[in-house]
Every structure is written in structure tokens, then in C-alpha cells.
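Asks: The structure is given below, and queries will be raised subsequently.
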Amino acid sequence: MTELDKMLTIDNDSGEGVMTLNMGPQHPSTHGVLRIILKLAGEVVIDAVPVIGYLHRGIEKLMENRTYHQAITLTDRFDYLSPLSNNLAYCLAVEKLLSLEVPPRGQVLRVILAELTRIQSHLIWLGTQANDIGAITPLLYTFREREELLDMFEMAGGSRMHTSYIRIGGLEKDVPPEFMPKVKSFCDTLPTLMKDYEGLLTKNRIWQMRTRGVGVISAEDAINIGLCGPTLRGSGVAHDLRKSNPYCGYENYDFDVPVETAGDVYARYLVRLEEIRQSRYILQQAMDKLPGGPINAPISQVVPPEKERVVGDIESLINQFHIMVEGFKVPAGEVYFALESPRGELGYYIRSDGSEKPYRIKVRTPSFANLQALPALVKGRLMADIVAVIGSIDIVLGDVDK
Amino acid sequence: MGIEEKLPDNSVITTTIEKLVNWGRKNSLWPTGFGLACCAIEMISTAAARFDISRFGMEIFRSSPRQADLMIVAGTVTNKMAPVVKRLYDQMPNPKWVIAMGACAISGGIFNTYSVLQGVDKIIPVDVYVPGCPVRPEALLDAIVKLQKKIETENLRTKQDGGIEK
Amino acid sequence: MEELRNKFPGAVEAIDTQFGETTVTLKKESLSRVCEYLKQEKGFDYLSDLTGLDLGKEAKPRFAVVYHLYSIKDCRWLRLKVLTDDAVDTVSFVWKAADWFEREVYDLLGVSFNHHPNMTRIYMPDDFNGYPLRKDYPLAGER
């Protein structure tokens, strides 16, 4: 045995040669307050145990003490990198309980917002994953693009991040006239920008050496361990909730679901890049087919009237007062609704007891399910690969810890 | 322009040591990257191209608290994370400053629950509070400017434990 | 789902359909066998969600553990429900995904899972007392 082999041989009985190292919760590359207890033999990872809960804010219990309408603002804070997707999942779940149908214009606008959120989230992923591996330039590029998208969200919803713009029954208000031209110009410039990112990374030899063959998981293992989203599609499983269980009219849009078979970090990178392109394609179709008409379901017990009418006549004021202060009653029952957020299957299980406050809301967050697979993905790899793998499964700690 | 032209050649400028030290400290604050939750993303946006925090001297976010002098607590501090925050604060060398960024760091924000610390000032002293949920990058830059103004007026003898008095 | 009644006599307590979703309430003793059958024979290879519910202090039994199974081939969900007062068998040997979900239910509700590989708290600190998501636990914590 060479010296190196001796160093890497672990004496299982005495545990000699095994070092326990703590990574986080404060760490530049763990994407938040994630703590990982590593068992290392030199540079080789023997085991990685994630310790979570450093951002557990008890939002589920908080939502049990708010009316259905008030809980919308809390949903933003789960996956704070794609807040509109969270709003949408919650609102669609409550609308299923209420058996409410949103008019066509509201549906198309929801699709536009969801896809813009997907592009925004993937841009952050790209910048931070590249930054973690050592390529610092894409971070500045993608955050520059992201500013354009945040301008659009601010134009429509009033805030850059936690807009709470998607409401039960539709949207808070209609988009301003400057919104669609801005979306269109963003879609027009996106291909050139994508060429920039790809030129820096995709065929880059260092990038490929850092990402190919790293963090491999087979399709069967991925399904068993509950992976979802681009992480699952990078292992060859063509499962996308927008295609398999469509919502908001996604069945009327023509788009592909990118799938790669290698199952490594590079495959997931390619899947997400292609998803940005497909999102742009969906956006163009949505902009073409955007109809006129109302954006909210005409159910006055659930959807507050427009602001102009609220300050105008007394019935609208009383209506608004009822909804905001007392809340509306939701029929008793339970429902599970899941949609495809940028990170994977985001599901809301809502149990109602017939009152204005939800009895129990459980949020099935994609990052929680994906993070479970971390030990399996990094076992036997080098320590530097951990950071690449965490970036590729794209976790958000608000999602993991709820 | 100004005073530099009026001075004769080979001249000296007088100032107090306090002003010089404060000027140096305030213009080269190095934050430790302590993003906890959503406000961390806005903090990264502030460091990115549009808002560019490095024009205020914060060129790099140091990963290790031992190399930093500013801690921007960006996000919710939970009871589980509180000992970690205190330990990181203790690891920072003097002089150090703290900005509590966002409603959660100031007072727990909207999360008055069983697991959230109702304000980071319960465990560490805070210099500047920035409201917002999340805090806009412009507001964070305003907080940094306010902190710089505060540092300008600091008295070297009585400032924290890094003063000359000891 | 009616064939479940025939295949596992006595195991199925109720089958409901509401809002387009099917819920099967099972006896907790038959949980592992039914789950294995659903995964191997009926194609429910993906565990979407596993959660717990506190039905109130006076309810007997007090807790419900809810499973959301998904079939990738058939693109449909199935909800399983098991009622218990204290413990249920683990299904982490059927779907590895159940591991952390069951730890979360144990941490927040206090329902433990027999034969789980690592039955420890996951969100709250290890020395925490109490189960926060129970209906009699105060929102702002026991201060």
C-alpha cells in the first residue's frame, strides 16, 4: 500500500483516520443557514449529515391563526427566491376548496408571472452555483438580468420580492400598460444574454471537470428518495407537473420538458438552462394569447372590489371590510394541490374545518425533499464536490426549514 | 479646487488622530456575509452591479468573522441560531458594528412564534436598524451612510473596548 | 380503490372522494403491507408528502398521519390516512423519502414511528420540550 492509500484507509473499528468537520451554519456556500456534519478521511467524504432547523420560523402554525386571505403574505416567505410561485400554489389550493374558476385573463397573467419567476429563480441559481464553484463573473451578469425582472414585479405588484400579487380568485389588480412591452423586450434580449452565460460555462473545461460525474444519482434512486424538479429531470425522469397535472391552462401551451440522463451536476445545469429557454417560449405564447376581460373571479365574498369602488360606495367598503377583517368561510374538507415551482413539486395540503381560518396547512416544499438526498450524492466524493452538489440541487433554506 | 490649491507647496495638513482613524474606519468597513433569510438576497443585490456596495468601501464580504468589522444581520434569527450569532459576534475583533437589516432582525418581524428570537438586539448590541420586509437595496445603502456618519462622530477614547483608555 | 378492500380485508376503514381526490383511511396495523402493495403492484412509486394532523385534544384517536402517494406513470395522487394516539409503523423502507418527513411529524406533533432509522428532532433544538404544532401549544411558545 502506498502512503496515500494508507492515509485514505479507514480503520472502521477504531475510527482512526476519520475526521469530523462542521460546515456551517454560517458558510459562504451553503446557500443559507445549513449545517452539515462531515466525516472525512482526508479529502474524501465518508458521510454528510445535514442539520437543519436554523431558520424554522413556525410559519405553518402562524397560518393557522390567520384568515385565508391574510395567510397569502406568509406564503411569500417560504421559498423567497420564487415568491410568486408560492402565492400561486396556495391560491390554487384554496380555489380548489372553494371550487372557484379564475377568468382567462387572470390565468394567462398567472402563467406569465410564474414563468418570469422561474427565469428569475434560475438566474439566481446560475449565478450562485457558478460563484460557489469559483466562476465569479456569471454572478454579476445574472444579478444584472434579475434586476430587470424585479423591475417588472415592482411595476405590477408594488414590491421587488415579496409581492403577494397573486390572490385567491385572481390577482390583486391588473398589470399596468407598461408591463407587457417590458416583458416583450426582456424576451427579445434573453437569447443574447444566454449566449454570454453559456459561452462562459458550458464548454469550459474547468467547469466540466468540476461538474461532470459529480453527485450522480440514478433515476430509480431519485424517485425513491423523493427528488423533484430539475434535480429529478437531470437523472432521466421526465416528470413535470405542468405537463402531467396541468393547472392555469398549461395544457394549452406548447413547450418541451428538458431531460438529461447523466444524473450529475452538469446534467442538472443543462436542464435548468434549457428550462429558461422553454420559459421564454411559454412567455411569448402567453403574450400572444393574452385576452381582455376581468382578472378576478366574480365572487364578491372572496375577491375584494377594486380600490376605486371601495372609496366610492358604501357596499364595496363593507364588502372589503368583511373580507379583510373577518375573512370568508371555506367549506370543510381537505385538499392537496401541487405545482411545478422552479425547485420542484411545491404542494399545499390544506384542511379546512368550515371556518375562516385554516385548520392545518402543510407545505410540501421541494428543497426539503431534495436535501434529503445530499448524503447519498456526496458519499465517496471529495470535499470540494459538496459545494457543487448543494448548488446543483438548488435549495433555499426558507423552503427547507419553513 | 478648494483648500488644496490654497496651500503652499510641500505643506502639511493637520487633523486629529480621531478624525483620521474614524475616516479610515468608516470608508473601509468590511461586512461579514451573514445572510440568514430573504434579506440576504437583497443584500447580495446591493453588492451586485446595479447598487454596487463597493463604492461605499465594502469591497468584499469576508467569509470569516475574524476578518470583518461589520455584521449585517440580514434575516430572521431563530432561537436555534441565536447562540451561533452570539459566537460569531464575539469572534469579530474590535471595533465592530452591527446593522439589523429587516423587520425580522429588528423585532422578529411578522413571526411572533415559538421559535423566533424577537429581535437580534436581545443578544448583541445594534448600531443601525433598517426597516423593511425585505429591505430595499437603497434603504440598506442609506443605513450604511448613516452608520458611516455615526462612526465619524465616535470618540476614540470611549468607543467600545478598542479605545485608548484601556 | 375498492379492490383494496378485497385484497386487505379489514384494513380499509373508509374510502372518500372529495374535490376530485381519493382518500383511503386505513387501520394502522396494515399500513406497511398496503404501502408495499401500492408501490409494487399499483405503481405508486413516489411519495409526495407525509404529514400529521392534530384532531384536537378531545378526539380519540388524537392524531392522523396523512400520506400523499403519486404515480409517475399514471399522473395521479392517492391520499392514505392512518389514525393513531401515539405511534405508527415507518414506511421509510418502502420510500426512502419518508425519512425526513416522519422526523418532522415526530418533532412537531410527537407521533413517533416504529423502526425508523433515526427518530430524532429535525427542526427544533434537541433539548426542546413540547410539540409545537399541537393545538394546545401556544403560538408564541412557552415563555
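The values are calculated or read from the model by the stated rules, or taken from the named source; none is laboratory data. Computed from a predicted model, the values in this text were never measured in an experiment. Using ideal geometry, Cβ is built from the backbone for each residue, glycine included, and neighbour counts are taken over all protein chains shown. Side chains are part of the model used for accessible areas, which takes the heavy atoms of the whole protein and leaves out ligands, DNA and RNA. Shrake-Rupley method; radii C 1.70, N 1.55, O 1.52, S 1.80 Å.
Asks: What are the residues in the range A:181-224 that are free of Cβ contacts under 8 Å to residues at least 40 places away in the same chain, β-branched (Val, Ile, Thr) and either touching a Cys at 6+ places or on another chain (Cβ under 9 Å) or closer than 25 Å to A:Pro375 by Cβ (or both), if any?
Replies: Answer for the range A:181-224, where residues must be free of Cβ contacts under 8 Å to residues at least 40 places away in the same chain, β-branched (Val, Ile, Thr) and either touching a Cys at 6+ places or on another chain (Cβ under 9 Å) or closer than 25 Å to A:Pro375 by Cβ (or both): just A:Ile223.
Asks: Looking at the range A:24-52, which of the residues that are within 14 Å of chain B (Cβ to nearest Cβ) and in contact with an Asp or Glu (Cβ under 6 Å, 6 or more places away or on another chain) is surrounded by the fewest Cβ atoms within 10 Å (Cβ to Cβ)?
Replies: A:Ser29
Asks: If we only count helices (runs of 4 or more DSSP H) wholly inside the range A:155-271, which ones have 2 or more residues that are among the hydroxyl-bearing types (Ser, Thr, Tyr) and loosely packed, with under 15 Cβ neighbours inside 10 Å?
Replies: A:179-201
Asks: If you scan the range B:120-146, which residues turn out to be of a type in the set (A, V, I, L, M) and either part of a strand (DSSP E or B) or closer than 24 Å to B:Lys80 by Cβ (or both)?
Replies: B:Val120, B:Ile123, B:Ile124, B:Val126, B:Val128, B:Val130, B:Val135 - these are the residues of the range B:120-146 that are of a type in the set (A, V, I, L, M) and either part of a strand (DSSP E or B) or closer than 24 Å to B:Lys80 by Cβ (or both).
Asks: Sort out which residues of the range A:300-321 are open to solvent by less than 60 Å² (accessible area, probe 1.4 Å) and either closer than 28 Å to C:Asp16 by Cα or assigned to a helix (DSSP H, G or I) (or both), and write them in order of number.
Replies: A:Val302, A:Val310, A:Ser316, A:Asn319, A:Gln320
Asks: Return the total of residues in the range B:45-72 being surrounded by fewer than 22 Cβ atoms within 10 Å (Cβ to Cβ) and among the polar types (S, T, N, Q).
Replies: 4
Asks: Considering only the range B:55-97, state which residues are outside any strand (DSSP E or B), closer than 23 Å to A:Asp132 by Cα and in contact (Cβ under 8 Å) with a residue 60 or more places away in the chain.
Replies: Within the range B:55-97, B:Met58 is the sole residue that qualifies.
Asks: While we're looking at this one, here's another question. Being outside the structural domain of A:Leu339 (by TED's automatic domain parsing) and open to solvent by less than 10 Å² (accessible area, probe 1.4 Å): is that true of A:Ile72 here?
Replies: no
Asks: Here's another thing I want to ask about it. Taking the stated definitions as given, is C:Tyr106 more than 12 Å from chain A (Cβ to nearest Cβ) and farther than 21 Å from A:Arg351 by Cβ?
Replies: No: the conditions fail for C:Tyr106.
Asks: If you check B:Asn79 against the conditions, is it touching an Asp or Glu at 6+ places or on another chain (Cβ under 7 Å) and open to solvent by 20 Å² or more (accessible area, probe 1.4 Å)?
Replies: No.
Asks: Any residue at all in the range C:36-52 that's of a type outside the set (D, E, K, R), free of Cβ contacts under 8 Å to residues at least 24 places away in the same chain and in contact with a strand residue (DSSP E or B) (Cβ under 9 Å, 6 or more places away or on another chain)?
Replies: No, the range C:36-52 contains no residue that is of a type outside the set (D, E, K, R), free of Cβ contacts under 8 Å to residues at least 24 places away in the same chain and in contact with a strand residue (DSSP E or B) (Cβ under 9 Å, 6 or more places away or on another chain).
Asks: Something else about it: Looking at C:Asp86, is it among the acidic types (Asp, Glu) and more than 9 Å from chain A (Cβ to nearest Cβ)?
Replies: yes
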